[in-house]
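Trainee: Quick one: the structure is below, and I'll ask about it shortly.
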Amino acid sequence: MDVFRNQNENMSIKKIEAEEFLKLAESIPVIDVRSPKEYITGHIPGAVNIPIFDDNERIVVGTKYKKEGSIPAIIEGLKLTGPSMSSKLELALKSAGNGKLLVHCWRGGMRSEAMAWLFSLGGIETEVLEGGYKSYRNYILNSLSEQRKMIVLGGMTGSGKTHILRFLSGYGQQVIDLEALASHKGSAFGSLGQSPQPSTEQFANNLFNECNQLTKDLPLWVEDESRNIGTVFIPDSFYLNMQNTWTIVLIMDVRTRLPRLMEEYSTYPAESLKTAILKISKRLGGDNTRDALKAVEDGNIARAIEITLCYYDKAYMFGLKKKSSRNLIYVETDSDDIEINALKILDAAQKIVW
């Protein structure tokens, strides 16, 4: 809650809309003055957190505002923040290499205005985001909902889709790695070897940041995904666009896919693999789950992968039925060579008529 909104209308603060704010953010540092918890939940990529209140102080001031009104809340806020104002200004001076900063709070109210005033005391030229982080979120979600040329690369688990997309990126194609943004590979095994996942909110922020750097006239390549990648959910409108656009599906035999999966997963501890198998035990069924766990215990990772692939292959083919057959292009291959398959995919893409 921004309890200080509109309490100092006489302060001369320049406020700018989200679109202009983000353009300026390409060359001017962004300071997020919300509490650490707000920042961690979701923030503008690259923004530095210099909170006017810590998490506990924010609760104290918010409670004071609800019970006693704005003036008592402002006085309480001044009592809490007064001793730390000098250190906040020092942090701002370190961030403002060119003498300029962009500042925002939750709704563009008194928190950002107060910090803009403080920074101005240090000679920093400051501009505030009109409507705050809330307006930024509305802007990026609207942007992500826009229709754009998109090609989805599909294929069953182990087809090397992520590697193919990286090759295409090096080949001059516009690619966004959704799984890298989500820190998850999309299956029950997807968290293995990955850093903690961002919040769904931060994922959308990062996704917009990637999209905003691309040319809208050229197609964007992404990997075929479920609505959720681990605990992260793809924005609804962006996901709907993925479902309704062209999908090129790489068809590869399980025996061709197995070596890559063995190389990727055989290095993980047996207990980690067993935990991942148990996550899908209801879908695998009792017998398959037992056999897969036994295979891992015996060190027969290939057998365990084959068992789980039966489930994932069926699930993926079922998912394809939800897409329009008119937008599906199938590419068969008997090779797991990334370059060979990437060039086949690229050749298939040349046939797409927008």
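Trainee: How do the helices (runs of 4 or more DSSP H) wholly within the range 47-99 filter down when requiring 1 or more residues that are over 16 Å from ARG111 (Cα atoms), without any contact (Cβ under 8 Å) to a residue 40 or more places away in the chain and of a type in the set (Asp, Glu): which remain?
Mentor: Details: elements: 55-68, 70-81, 85-95.
Fully inside the range 47-99 and qualifying: 55-68, 85-95.
Trainee: From the residues in the range 77-95 that are at pLDDT below 95 and of a type in the set (A, V, I, L, M), which one is farthest from the chain's Cα centre (by Cα)?
Mentor: This residue is LEU78.
Trainee: So, one more: Among (1) at pLDDT below 95; (2) under 23 Å from GLU263 (Cβ atoms); (3) in contact with a strand residue (DSSP E or B) (Cβ under 7 Å, 6 or more places away or on another chain), which single condition is LYS323 missing?
Mentor: All conditions are met except number (2).
Trainee: Every residue in the range 223-238 that is of a type outside the set (A, V, I, L, M, F, W, C), out of contact with any Leu (no Cβ under 7 Å at 6 or more places or on another chain) and surrounded by 17 or more Cβ atoms within 10 Å (Cβ to Cβ), please.
Mentor: Listed by number, the list holds a single entry, GLY230.
Trainee: A further question follows. Could you tell me whether ALA315 is in a helix (DSSP H, G or I) and within 25 Å of ARG227 (Cα to Cα)?
Mentor: On the way: in a helix (DSSP H, G or I): yes; within 25 Å of ARG227 (Cα to Cα): yes.
Yes: the conditions hold for ALA315.
Trainee: Could I ask something else about it? Filter the range 146-164 down to residues that are of a type in the set (S, T, N, Q) and assigned to a loop (DSSP other than H, G, I, E, B) and give me whichever is surrounded by the fewest Cβ atoms within 10 Å (Cβ to Cβ).
Mentor: Top of the filtered list is GLN147.
Trainee: Which ones in the range 215-241 are assigned to a strand (DSSP E or B) and either without any contact (Cβ under 8 Å) to a residue 12 or more places away in the chain or touching a Ser or Thr at 6+ places or on another chain (Cβ under 7 Å) (or both)?
Mentor: GLU223, ASN228, VAL232, PHE233, listed by residue number.
Trainee: Continuing with the same structure: Do we find a residue being farther than 26 Å from SER169 by Cβ, surrounded by fewer than 17 Cβ atoms within 10 Å (Cβ to Cβ) and assigned by TED's automatic domain parsing to the domain that holds HIS163 anywhere in the range 326-343? Break it down into steps so the answer makes sense when it comes.
Mentor: If we filter the range 326-343 for residues that are farther than 26 Å from SER169 by Cβ, which is where we start, we get 326.
Adding the requirement that they be surrounded by fewer than 17 Cβ atoms within 10 Å (Cβ to Cβ) leaves 326.
Then drop every residue that is not assigned by TED's automatic domain parsing to the domain that holds HIS163, which leaves 326.
Yes; the residues of the range 326-343 include at least one that is farther than 26 Å from SER169 by Cβ, surrounded by fewer than 17 Cβ atoms within 10 Å (Cβ to Cβ) and assigned by TED's automatic domain parsing to the domain that holds HIS163.
Trainee: Considering only the range 100-145, how many residues are assigned to a helix (DSSP H, G or I) and within 23 Å of the chain's Cα centre (by Cα)?
Mentor: Within the range 100-145, the subset assigned to a helix (DSSP H, G or I) is 110-121, 132-144.
Of the ones still in play, those that are also within 23 Å of the chain's Cα centre (by Cα) are 132-144.
So the answer is 13.
The values are calculated or read from the model by the stated rules, or taken from the named source; none is laboratory data. Here the structure is a predicted model, which means the values were calculated and not measured. In this analysis, Cβ positions are derived from the backbone assuming ideal geometry, glycine residues included, and neighbour counts consider all displayed protein chains.
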